[in-house]
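Everything below concerns the one structure shown next.
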Amino acid sequence: MTAVVVGIDVGTSGVRAVAMDPGFAIQAQAGVALADFGTDWRDPATWWRAVETAIDALLRLVDARNVRALAVDGTSGTMLPVDAAGGPLGRALMYSDKVDDATILSAIADDAPPQSAAHGATSGLAKLLRFQKGVRPARVLHQADWIAGRFCGRFDVSDENNALKTGYDPVRRGWPDWLARTGADLALLPDVVAPGKPFGTISPGSAQRFGLPGDVAVVAGTTDGCASFLATGADRIGDAVTALGSSLTLKLLCEKPLFAPQFGIYSHRIGDAWLAGGASNTGGKVLAHFFPLERIVKLSESIDPDRPTGLDYYPLIGTGERFPIADAGLAPRLDPRPADDALFLQAMLEGIAAIERRGYRQLADLGGPALRSVRSVSGGARNPVWTAIRARQLRVPFFEALSEEAAAGTARLALQGARTAGLL
């Protein structure tokens, strides 16, 4: 019988589950849309019903008796107040929800160090302070904490990646003293462990519910963004992952942490390394502003990536850029526009590739390693012409991502935990 672990990704619109063997091969996967379980995505009962359904579907494809461990990732900054038994005390505040309380935001701005990821109206810390005012929670948990707790009965543990936006200090590896000065009740914060560390065993009720062995380890997970990086197989210093979605997002594995709040850059611990990155306002949404996807595919067939246009574009839809240039007044540069739509598209692809190159150079200038390889994910990664243009600019090996499923990255953490627990 092939032993497997389970990675669970509670994403922005759905839940995915992956069964992975000790050789990192995906044995099965399943997924459901959150919309199938209700219109209120802030209701934790909706999350749990989706998780149950995804796990049930997964375990129809693999033998539940072979599962050794599981881990969960969730959306970064999604927070939930709970009672002492882990029962929700209301609806969650999601990753994109903003706290509009000026007193809370001022307290964070005054007391949090500039490099902390706890700044901003969507931070986990802002939501913690908001919950303190409205209810009397025993704990305030991150989304992944609560889902993992439903499997093992522990509602007092988080991981270092999810805790980052709540003010956790990943360098000193603890909740910092300045948190109390913001008014945060430190007793509400969970204990924090490294991603991949076993912290519990499946509860008898959950083992019976899913037909799982009674010794399945519950392992600390991560955020959905970190899980997506891990899923690609990138694991060496200088390995990078570029997400070519609606925005251009770069992530680079570093030997030391990078913090540059002016660029929106902070670092997560990934094993003995650090994951740093930035997000530009350029990306697929600029292309989609001018052409529908079908037109982009057709025009790309006419582009020769070995014959650059010579146009110097900075493709943006509106004014303002955050990375690799921090300039709220930066204007788009999309002139002159060739009469040939294929050349116009090519010039935009070249411009986005130049921003990507500049972004990785900026990370190196901030103390990161030289770029050594790139894996590409999201829709733009499937455009071979764009890949060729980017390869000309970056001049490093391009490797295929092993998976784009965040759940596969979380399954890798579950494997690590299963080995630590002696279950593999």
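The residues of the stretch 1-109 expose, per residue, 40 Å² of accessible area to a 1.4 Å probe.
Computed on the stretch 88-151, the Cα convex hull volume stands at 96 Å³ per residue.
Would you kindly calculate the translational diffusion coefficient of the chain, applying Stokes-Einstein with the Kirkwood radius from alpha carbon pairs, for 25 °C and a viscosity of 0.890 mPa s, and quote it in µm² s⁻¹ without decimals?
Answer, rounded: 110 µm²/s.
Please report, in debye to the nearest 20, how large the charge dipole of the stretch 48-129 is about its Cα centre when each Lys and Arg carries +1 at its beta carbon and each Asp and Glu carries -1 there. Write down the numbers at each step before the final one.
Values: 7 positive and 10 negative charges, 80 e Å.
In debye, rounded to 20, the stretch 48-129 gives about 380.
What part of the accessible area of the stretch 100-176, given as a whole %, is carbon or sulfur when the probe is 1.4 angstrom? Its accessible area is 45 percent carbon and sulfur atoms.
FRET efficiency for ASP100 and ARG392, Cβ-Cβ distance as r, R0 = 41 Å, nearest 0.05? Please report the intermediate quantities before stating the final value.
Working: r = 46 Å, r/R0 = 1.12.
In this case the efficiency is close to 0.35.
Protein heavy-atom surface of the stretch 323-364, 1.4 angstrom probe: 51% of the accessible area is carbon and sulfur, with nucleic acids and ligands not counted.
Dipole size in debye (nearest 20) for the chain around its Cα centre, Lys and Arg Cβ +1, Asp and Glu Cβ -1? The dipole of the chain has a size of about 300 debye. Per residue, the convex hull spanned by the Cα atoms of the stretch 1-115 amounts to 152 cubic angstrom. Across all directions, the average flat footprint of the convex hull enclosing the Cα atoms of the stretch 164-203 is 3.8 nm².
Ignoring any ligand, DNA or RNA, what whole percent of the accessible area of the stretch 198-266 comes from carbon and sulfur when the probe is 1.4 angstrom? Heavy-atom surface of the stretch 198-266 belonging to carbon and sulfur, 1.4 Å probe: 51 percent.
Summarising the label geometry, the points placed 7 Å from Cα in the beta-carbon direction at LEU293 and ALA339 lie 3.3 nm from one another.
Remark: the stretch 31-174 projects, on average over all directions, an area of 9.7 nm² (convex hull of Cα atoms). For the peptides 148-158, 286-296, the ranking by packing is 148-158, 286-296, with the highest mean count of neighbouring Cβ atoms within 10 Å listed first. Rounded to the nearest Hz, the phi-derived 3J(HN,Hα) couplings of the stretch 306-322 under the Karplus curve 6.51 cos²θ - 1.76 cosθ + 1.60 (θ = phi - 60°) are 7, 10, x, 6, x, 7, 10, 9, 10, x, 9, 7, x, 7, x, 9, 10, where x marks glycine and proline. Across the options ALA25, ILE147, PRO324, the greatest Cα extent toward the positive end of the charge dipole of the chain (unit charges at beta carbon of Lys, Arg, Asp, Glu) belongs to ALA25.
Each 5 Å bin from zero up to the one holding the largest Cα-Cα distance in the stretch 239-301 carries the following percent of pairs: 4, 17, 19, 18, 13, 10, 8, 8, 3. Could you work out which residue, out of SER96, SER123, SER76, moves most in a Gaussian network model of the chain, that is, has the largest mean-square fluctuation with Cα springs under 10 Å? In the Gaussian network model the winner is SER96. For the stretch 243-263 and the stretch 43-90, what is the separation of their Cα centres, given in Å? Distance between centres, Cα-based: 28 Å. Determine the relative contact order of the chain: mean sequence separation of Cα pairs under 8 Å and six or more apart, normalised by residue count, in whole percent. Across the chain, relative contact order equals 18 percent.
Restricting to the chain, what percent of DSSP beta bridges are antiparallel, rounded to 5? Could the numbers behind the result be given before it?
On the way: 42 of 63 bridges.
Taking every DSSP beta bridge within the chain, about 65 percent pair in antiparallel fashion.
Across all directions, the shadow cast by the convex hull of the stretch 300-348 built on its C-alpha atoms averages 4.0 square nanometres.
Under 16 Å between alpha carbons: how many lysine pairs meet that in the chain, if sequence neighbours fewer than 8 apart on the same chain are excluded? Spell out each step's value before the answer.
On the way: LYS98/LYS127; LYS98/LYS133; LYS98/LYS165; LYS127/LYS165.
Summing the qualifying lysine pairs gives 4.
Over all distinct Cα-Cα pairs of the stretch 244-360, the Kirkwood formula returns a hydrodynamic radius of 15.3 Å.
For the stretch 273-312, report the translational diffusion coefficient in µm²/s to the nearest whole number, using Stokes-Einstein at 37 °C, 0.692 mPa s, and a Kirkwood Rh over Cα pairs. Walk me through the numbers before you get to the answer.
Values: Rh = 13.0 Å.
Answer, rounded: 253 µm²/s.
Computed with every protein chain present, the accessible area of TRP146 is close to 10 Å² [probe 1.4 Å]. Could you work out how far helix 124-134 tilts from the main Cα principal axis of the chain, as a 0 to 90 degree angle to the nearest 10? Orientation of helix 124-134: about 50 degrees from the principal axis. Above 25 Å, the calculated P(r) of the stretch 272-424 contains 39 percent of its Cα-Cα pairs.
The values are calculated or read from the model by the stated rules, or taken from the named source; none is laboratory data. Remember, predicted model here, so these are calculated numbers, not experimental data. Methodologically, a virtual Cβ is constructed for each residue, glycine included, from the backbone with ideal geometry; neighbour enumeration extends over all protein chains shown. Keep in mind that these areas ignore ligands, DNA and RNA; they rest on the heavy atoms of the full protein, side chains included. Shrake-Rupley method; radii C 1.70, N 1.55, O 1.52, S 1.80 Å.
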